[in-house]
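The next block holds one structure in the form of C-alpha cells; read it before the comments.
Coordinate-derived values only; no laboratory data. Since the model is a prediction, treat every value here as computed from it, not as a measurement. Note that each Cβ is placed from the backbone with ideal geometry, even for glycine, and that neighbours are counted across all protein chains shown.
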Amino acid sequence: MDFDARFRTQLDDLKQEGNYRFFADLERVCGRFPKVLNHGPIGPEEVTVWCSNDYLGMGQHPSVVGAMVATAERSGTGAGGTRNISGTAHHHVTLERELAELHGKEEALLFTSGYVSNWAALSTLGTRLPGAVIFSDAWNHASMIEGMRHSRARREIWAHNDPADLDRKLSAYGPDVPKIVAFESVYSMDGDIAPIREIVEVAERHGAMTYLDEVHAVGMYGPCGGGVAEALGLMDRITLIEGTLGKAFGCFGGYITGSAALCDFVRSFASGFIFTTAIPPAVAAAATASIRHLKVSEIERAKQRRQVDKLRARFDALGIPHLPNPSHIIPVMVKDPVKCRMIADTLMADWGIYVQPINYPTVPKGTERLRFTPGPLHSDGDIDHLCRALNSLWSQCALARQIA
Ligand code: PLP
C-alpha cells in the first residue's frame, strides 16, 4: 500500500482549503525579543514577533535565564526519570510549593505541559469518580476535550460563558451525581473572559466541583499573577486551578493546584503524570524564578496593558476590525483562510512582521483571524510599523473596515 500517497492526498486537501500550516524558522536572541532572527526563505533577516504567548517576555528575563543556566550547570540537563523513579528533584518540590502558594491552595502537581495537565487531570477525575458527569464549556480547549473524552465519563456541553445554561444542565442531575464544571478564564482565540463568579455560584448551588484552566491568565492577571480568579478574589472557591509555565512565565510545563487530597489523587492515578519523565530541574528552577518575579513586579503587566490599549486604539482609528474583549489578546478578523494566509505571508515578506494566521481547526471556518499579542517589549515604533503595514494591506486586499 502506498501510504505516502494517502498522506499526500489529505495534505493537498488542507493546502487547497488554505488550512495547511507552515512554521516560521526563527531564532530568539536574549535581549532583542520581540525582534528575532529569521532563518526562513521569506522576509528580512530580522523580524518582529507579534503573536508570542510569552506574553511578558519572561523567556528572556535575566533572572529566569540565570536560574536556568545556573541550575543546568549545577544539576545537569534532564530529570533522569519519571517523578516516581528517580526523576523528582528538589527544584520540582520547590516549584510545586510556589504554585500552591500562588493560587492559595494546599498543593500543586507538575506535568510536562499544560496540555498534559488538562488531559491527565480531567481523564483521571472522569474515570475515577464513578458516575461522574463533566459539564464542559462549549469552547473549552482541545486538551480538556481530549481528557474528558478519554475518561469516557458522561459529558454535558453548556453554551459558552452562559451560567444560566450551565444551571439548566446541572439541574437535570440529582445531588448524588459527582459533577465537574470545566471551563477557562481567558479564551485564547477570542480573548473573552468567563463570568467566573456566576459560574462558581451556579456550581456551588449544585454541589459541583469547579475545574478552571487559567493557562492564558497566569502571570498576567491578579496582584501576584495568580490569574483572573485571583483578580476577582475567587481562588478559594475554585476546586482545581490549572495553568501552564509555557506562556506568561516564559518556560515550559503545566500544573494543577487544589487540595492535598485532590493532588494526591491525581498523582496516584493519572497515567499522564506517572509514566513520563519529569521536566528538567533547570526548567523548574527558571519557572520558579519567573513566578517569584511576577508575584512582586507589576511593571511587566502594566507596560503590557499600555501597549495593548495603544494598539487597540490605533486599530480603531484605522477601522481594522478586531474583536472587542477585556483581555490582552487582539484578534483581527479576516474571515477567509486564503486571505488570512496571504496577509500573514505579505506581512512577513514585505514588512518583517511575524503573525501566524489562525485558521481551522483552531477556530471555526469563516472566523479566520490574525491574533496579536502586544507585550511590554513592543515599542511604540513597533506599533506604528504594524499599523502602517496593516493599513496598507487592508486597502490592497479591499478588506472591509470597521467604522466605530
Ligand atoms: N489550555 C489552553 C486554554 C490552551 O490554550 C493551551 C495551549 O496552548 C493549553 C491548555 C496547553 O498548554 P501548554 O501549551 O502548556 O501545553
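At a glance:
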quantity	calculated
Tilt relative to the chain, helix 196-205 - C-alpha long axis, 0 to 90 degrees, to 10	20 degrees
CD proxy at 222 nm, helix term only [per DSSP H run n ≥ 4: -39500 (n - 2.57); per residue of the chain; nearest 500]	-13500 deg cm²/dmol
Rg and Dmax of segment 59-159, Cα atoms only, in Å	17.3, 50
Principal-axis tilt of helix 90-102 within the chain, Cα atoms, nearest 10 degrees	90 degrees
J(HN,Hα) series, segment 343-357, from Karplus relation 6.51 cos²θ - 1.76 cosθ + 1.60, nearest Hz, glycine and proline x	5, 4, 5, 5, 4, 5, 5, 9, 10, x, 10, 9, 9, 6, x
Amide H partners (placed H, <5 Å) of Tyr20, local residues excluded	Lys15
Distance between segment 85-105 and segment 184-232 - C-alpha centres, whole angstrom	22 Å
Of Lys35/Lys365; Lys310/Lys339; Lys105/Lys169; Lys105/Lys295; Lys35/Lys247, pairs whose Cα-Cα distance is over 21 Å	Lys35/Lys365; Lys310/Lys339; Lys105/Lys169
Ascending count of other beta-carbon atoms within 10 Å, so fewest first, for Asp213, Asp176	Asp176, Asp213
For segment 376-387, Karplus couplings with θ = phi - 60° (6.51, -1.76, 1.60), whole Hz, Gly/Pro x	x, 9, 6, 8, 4, x, 4, 5, 4, 4, 4, 5
Amide hydrogen neighbours beyond the local backbone of Thr82, cut-off 5 Å, H modeled	Gly87, Ala278
Computed magnitude of the charge dipole of segment 1-71 (debye, nearest 20; Cβ of K, R +1, Cβ of D, E -1)	240 debye
Distance (nanometres) between label positions extended 7 Å along Cα→Cβ at Ile274 and Ser395	6.4 nm
From phi via Karplus (6.51, -1.76, 1.60), per-residue ³J(HN,Hα) for segment 40-53 in Hz, x at Gly/Pro	x, x, 10, x, x, 5, 10, 10, 9, 7, 10, 9, 7, 8
Cβ-based charge dipole, segment 1-88, positive-most Cα from Ser75, Thr9, Pro34	Ser75
Cα-based equivalent ellipsoid, segment 245-396: semi-axes from gyration tensor eigenvalues, Å	36, 20, 14
The chain - Debye-derived log10 I(q)/I(0), Cα point model, q = 0.08, 0.09, 0.11, 0.13 Å⁻¹	-0.45, -0.58, -0.87, -1.19
